[in-house]
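Okay, so here's the structure we're looking at.
The values are calculated or read from the model by the stated rules, or taken from the named source; none is laboratory data. Quick caveat: nothing in here was measured; it's all calculated off a predicted structure. Ideal geometry is used to build each Cβ from the backbone, glycine not excepted, and the neighbour counts take in all protein chains shown. Note: areas computed on protein heavy atoms with side chains; ligands, DNA, RNA excluded. Shrake-Rupley method; radii C 1.70, N 1.55, O 1.52, S 1.80 Å.
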Amino acid sequence: MLTKRIIPCLDVDAGRVVKGVKFLEHRDAGDPVEMAAFYDSEGADELVFYDITASAQGRGIMLDVVSRTAEQLFIPLTVGGGLRTVEDMNRMLKAGADKISINTAAVQIPELIRQGAEAFGSQCIVLGMDAQRVAGSSTPRWEVRTHTGSGGGRPTGLDAVEWAMRAVELGAGEIVVNSMDADGTREGYDLELLRSISRAVSVPVVASGGAGNLEHMYQAVVQGEADAVLAASIFHFREYFIAQAKEYLAQRGVPVRLTTASYAK
Amino acid sequence: MDKDLVIVDYGAGNLRSVAKALERLGFPALVTQEPAQVLKARGVILPGVGSSGAAMAALQQRGLVEPLRQVVAKGTPFFGVCLGMQLLLDTSEEDPRPCLGIIPGQVKRLPPQFKVPHMGWNQVAVLHEHPLFQGVPAGSYFYFVHSYYARPADPSVLLGTTEYGVTFCSALARGNLVATQFHPEKSGLGGLRLYDNFVRLMVREGVRP
């Protein structure tokens with residue numbers, strides 16, 4: 001049976017992981033390669049590196065980070081942040097990324113999704129989406145926002161569900177749905193948003209934004225009908241181990257990959 | 001060290017991941033698009049992600065179609081991965097262009113009742129003992145990303161099956177040829193074990209399945 005995936009996300013700035021990673025006593029807590037290996041050993045199903053570097057030279061460092069990670073990590077790695085052209089994607093894939101996540105660039109140039117899918121296959125192209133609930137709407141609606149790295153971002157006028165459907169038509173193979181209302185609250189994912197998008201598209205949907213405990217992850221995959229959950233701070237701050245999250249989900253009947261201990265020769 | 005192990009380069013996206021996995025295991029492989037190198041290899045890996053039509057066109061362009069058929073026919077240990085498995089069949093619903101025709105059968109699209117692509121970790125039920133799965137515990141998970149699956153005409157080539165709307169062939173074997181629909185290079189330690197088994201047992205030690 002296909003399992004629900006748990007995906008830690010690391011924000012990387014000029015080659016260093018940002019946000020709380022002080023718990024790694026014997027490791028270089030800011031090194032994305034070390035962090036990636038650590039999460040892999042804990043049973044992460046995939047990893048995401050999100051490049052929040054502002055400068056161009058910092059961006060070059062990301063290629064090196066991805067390359068070093070791919071040399072020692074044998075689970076899927078998605079890289080996002082600042083990729084604006086097919087050539088940007090190509091460089092990242094050649095460095096060792098398995099999937100490319102695009103967000104603002106896809107809204108600005110939707111054709112980028114099609115070009116990426118044609119060049120590398122849909123399985124490589126992940127649409128990242130930041131959605132905000134539209135206040136005062138009689139039926140629930142969410143608007144896509146871009147440039148969310150700085151403050152609240154910019155409105156686009158795009159309906160989140162419609163944008164998801166269009167992105168899949170263009171060739172996106174997976175959609176990461178980040179609720180701007182829930183992000184950072186630690187009060188749970190926006191389940192209604194997740195379910196609306198999951199039911200509207202044929203490709204896997206990844207829940208992002210709002211996880212504060214394991215119950216929230218359960219809700220995302222059961223009520224939100226998500227195929228995977230992305231989480232950052234809940235793991236970074238060591239409140240929960242990935243293995244613990246998986247045991248919790250397994251006990252409640254959610255199929256997860258429990259890592260097998262040994263492969264003795 | 002003599003690189004007797006060859007990864008066929010026809011522009012497939014996951015080629016480097018496969019090469020890195022083998023490097024990690026201490027089996028450096030030659031990444032090549034030269035038919036002559038493929039023909040003289042002691043072990044051949046055919047990787048692949050993307051579409052079957054484009055892949056067949058790329059193989060043809062590089063003059064690799066016949067060499068691939070020949071190495072399988074003469075019994076060189078051969079490992080097809082993901083699209084590299086699907087290409088072994090006769091035809092694919094994905095594209096009207098014929099595939100390699102090494103394993104009789106068709107490539108079908110996954111049924112639409114679940115999300116397509118089938119993406120993530122799923123289990124493989126291994127149907128009989130085989131060196132490829134030596135030391136891999138029953139119920140291990142492997143990483144899949146695909147929208148099509150191989151349906152070999154001869155059920156005796158089935159080595160492993162996986163459930164996703166249909167029970168499909170996720171691993172096949174015939175003589176010294178093996179192939180998996182999942183990506184061993186993205187399947188953690190269990191996946192690396194498969195490459196280790198292939199190279200150590202089938203290529204180096206000449207274990208005959």
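At-a-glance table
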item: Chain B, relative contact order in percent, only Cα pairs under 8 angstrom and at least six apart counted; result: 19
item: Check: chain B dipole with +1 on Lys, Arg Cβ and -1 on Asp, Glu Cβ, in debye; result: 160
item: Low-density loop positions, GluC sites (Glu not before Pro), region A:208-259 - DSSP coil, at most 15 other Cβ in 10 Å; result: A:E239
item: Residue pairs, from the table A:K94/A:K246; B:K3/B:K115; A:K246/B:K186; B:K3/B:K108, whose Cα atoms sit over 29 Å apart; result: A:K94/A:K246; B:K3/B:K115; B:K3/B:K108
item: Accessible-area value, A:L258, 1.4 Å probe, nucleic acids and ligands omitted, Å²; result: 90
item: Residues of region B:5-204: accessible area per residue with a 1.4 Å probe, Å²; result: 34
item: Chain A - charge dipole about Cα centre, Lys and Arg +1 at Cβ, Asp and Glu -1, debye rounded to 20; result: 120
item: Anisotropy class of region B:86-186 from Cα gyration tensor, a/c 1.5 cut; result: oblate
item: R0 of 22 Å, Cβ-Cβ distance A:S138-A:E225: FRET efficiency to nearest 0.05; result: 0.40
item: Within 10 Å of each Cβ in B:14-26, the average number of Cβ atoms from other chains; result: 3
item: Principal semi-axes in Å for chain B [√(5λ), Cα gyration tensor, largest first]; result: 23, 20, 16
item: Label-point gap, in nm, between A:V254 and A:E215 - each point 7 angstrom along Cα→Cβ; result: 1.4
item: Accessible area buried between chains A and B, both sides summed, probe 1.4 Å, in Å² to nearest 100; result: 2900
item: Cα radius of gyration and Dmax for region A:179-254 (Å); result: 11.7, 35
item: Chain A - mean residue ellipticity at 222 nm from DSSP helices (-39,500 (n - 2.57) per run, n ≥ 4, rounded to 500); result: -10500 deg cm²/dmol
item: Members of region A:100-142 that become less accessible by 30 Å² or more once partner protein chains are added (1.4 angstrom probe, chain alone as reference); result: A:Q123
item: Rounded accessible area of B:Y148 (nearest 10 Å², 1.4 Å probe); result: 40
item: Largest to smallest principal axis extent of the C-alpha atoms in the protein assembly as shown, angstrom; result: 69, 50, 47
item: Given 14 as the ceiling on other Cβ atoms within 10 Å, longest exposed-site-free region of chain B for GluC sites (Glu not before Pro) in DSSP loops; result: B:1-92
item: Per-selection metrics, region A:5-251 (Cα): Rg and Dmax in Å; result: 16.9, 53
item: For the protein assembly as shown, share of DSSP beta bridges that run antiparallel, in % to the nearest 5; result: 45
item: Positive-end residue of A:V65, B:F114, B:Y10, charge dipole of the protein assembly as shown with Cβ unit charges; result: B:Y10
item: Solvent-accessible area per residue, Å², over region A:5-251 with all protein chains present [probe radius 1.4 Å]; result: 38
item: Residues in region B:176-194 occluded by at least 10 Å² - accessible area, probe radius 1.4 Å, against chain by itself; result: B:E185, B:K186, B:G188, B:L189, B:G190, B:L192, B:R193
item: Spacing of the two label points (7 Å from each Cα toward its C-beta) at A:T185 and A:I109, in nm; result: 3.5
item: Accessible area of the protein assembly as shown belonging to carbon and sulfur atoms, whole % at 1.4 Å probe; result: 50
